[in-house]
Amino acid sequence: MKPDVKAFFDEATNTISYVVRDPNGKAAAIIDSVLDFDYASGRTDTRSADEIIEYVKAEGLDPVWILETHVHADHLSAAPYLQERLGGRIGIGENIRIVQDTFGKVFNEGTEFQRDGSQFDQLFKEGDSFHIGQLRGDVLHTPGHTPACLTYVIGDAAFVGDTLFMPDFGTARCDFPGGSSETMYESVQKILALPDETRIFVGHDYKAPGREDYAWETTVGEQKAKNVHVGAGRSKEEFVKMRDERDATLNMPKLIIPSLQVNMRAGQMPPPDDQGDVFLKVPVNKI
């Protein structure tokens, strides 16, 4: 079955969020939502999420799932805001527990921060399936960028998060804690084993040199033939060398510190203090 897919591009973070709907009904899923955040002022805004809400309500959709492909390091998730207004269950990969344990220590969260994934409604593992109305979704565990990365294969469409970018941009970095270029290569091969006509929807686009427009949809066949990092039969050894050398030159994402603290909590802010104020921590020389 071919799901209807509506993309929402957030230029501030180069993130694409998706509403995926059953073409024969009103059931839908929202994938990788964005909560707008101005780091300089510490203020949040819901304009990106409100655009999704407006679309969902205008179409009369019933979002049964609010899905995260992984714990994002470049934007805050709007999952709780969307759930409060639209319903749906929040899902992520079961290895969120590894991410929570790693960054719970980095941010010195203490014992009150639960590291069991209980902040989410559903923890998916390899081989799990779920439904969006009559649409079946299947879960591929595709780590490498992070330990908890998933690809959601829904009908003829695969939502790959940060594992693959557009063919002219390649793949995601693998140098975050728990990341691995070798693991990434194996995960990419799992995605490329899907039928060539499978539509691939990426989590970010940064416009590769020479391309004027943002893009987010490609196919397995196109990735196999043209991806500048893994296409045309590039070997694992070649990929690992390229990816590790490239990652060593990259700066950290500008929103990594607030994003990790919020997203490992399923999009919730850290608990307020006795005065009701919320604070985010900045670990020094830790990331």
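The values are calculated or read from the model by the stated rules, or taken from the named source; none is laboratory data. Since the model is a prediction, treat every value here as computed from it, not as a measurement. Positions of Cβ are generated from backbone atoms using ideal geometry, with glycine treated the same way; all protein chains shown enter the neighbour counts. The area values use the complete protein model at the heavy-atom level, side chains included, leaving out ligands, DNA and RNA. Shrake-Rupley method; radii C 1.70, N 1.55, O 1.52, S 1.80 Å.
Screening the candidates Lys207, Lys190 for the property of being among the basic types (Lys, Arg) and within 15 Å of Gly93 (Cβ to Cβ) yields one hit, Lys190. Of all residue pairs spaced 6 or more apart or on separate chains, those with beta-carbon atoms under 9 Å, a first member in segment 1-15 that is within 25 Å of Lys26 (Cβ to Cβ) and among the β-branched types (Val, Ile, Thr) and a second member that is open to solvent by 80 Å² or more (accessible area, probe 1.4 Å) and in a strand (DSSP E or B) are Val5/Glu217.
Hey, among the residues in segment 161-185 that are part of a loop (DSSP other than H, G, I, E, B) and charged (D, E, K, R), which one's least open to solvent (accessible area, probe 1.4 Å)?
Quick first cut of segment 161-185, residues part of a loop (DSSP other than H, G, I, E, B) only: 162-163, 165-170, 172-180.
Okay, now just the ones that are also charged (D, E, K, R), so 162, 168, 173, 175.
Numbers: Asp162: 7, Asp168: 66, Arg173: 30, Asp175: 62 Å².
In this case the residue turns out to be Asp162.
If you go through segment 186-212 and pick out every residue that is open to solvent by less than 30 Å² (accessible area, probe 1.4 Å), closer than 27 Å to Ala12 by Cβ and part of a loop (DSSP other than H, G, I, E, B), you end up with 3. How many residues are more than 18 Å from the chain's Cα centre (by Cα) and in a strand (DSSP E or B) if we restrict to segment 37-53? Qualifying residue count, segment 37-53: 4. Scan segment 23-36 and tell me whether some residue there is at pLDDT 95 or above, acidic (Asp, Glu), in a strand (DSSP E or B) and open to solvent by 20 Å² or more (accessible area, probe 1.4 Å). The answer is no; no qualifying residue exists.
Of all residues in segment 237-287, those satisfying the criterion of being open to solvent by 60 Å² or more (accessible area, probe 1.4 Å) and of a type in the set (Lys, Arg) are Lys241, Arg246, Lys254, Lys281, Lys286. Looking across segment 78-110, just one residue is in contact with an Asp or Glu (Cβ under 6 Å, 6 or more places away or on another chain) and closer than 18 Å to Val202 by Cα, and that is Ile92.
Among residues of segment 224-242 that are closer than 10 Å to Thr171 by Cβ and at pLDDT 95 or above, those with a Cβ under 9 angstrom from a residue that is of a type in the set (Val, Ile, Thr) and outside any helix (DSSP H, G or I), sequence gap 6+ or separate chain, pair up as Asn227/Thr171; Asn227/Thr218; Val228/Thr171; His229/Thr171; Val230/Thr171; Phe239/Thr171; Phe239/Val230. Number of residues in segment 105-154 that are touching a helix residue (DSSP H, G or I) at 6+ places or on another chain (Cβ under 7 Å) and on the phi > 0 side of the Ramachandran plot: the value is 2.
Selection over segment 68-91 of residues that are part of a strand (DSSP E or B), open to solvent by less than 20 Å² (accessible area, probe 1.4 Å) and more than 12 Å from Val34 (Cα to Cα) gives a count of 2. Taken over segment 100-147, the criterion of being among the aliphatic types (A, V, I, L, M) and open to solvent by 10 Å² or more (accessible area, probe 1.4 Å) is satisfied by Val106, Leu123, Leu140. From the list Thr44, Thr15, the lone residue that is open to solvent by less than 10 Å² (accessible area, probe 1.4 Å), over 19 Å from Leu61 (Cα atoms) and either in contact with a His (Cβ under 7 Å, 6 or more places away or on another chain) or of a type in the set (Ser, Thr, Tyr) (or both) is Thr15.
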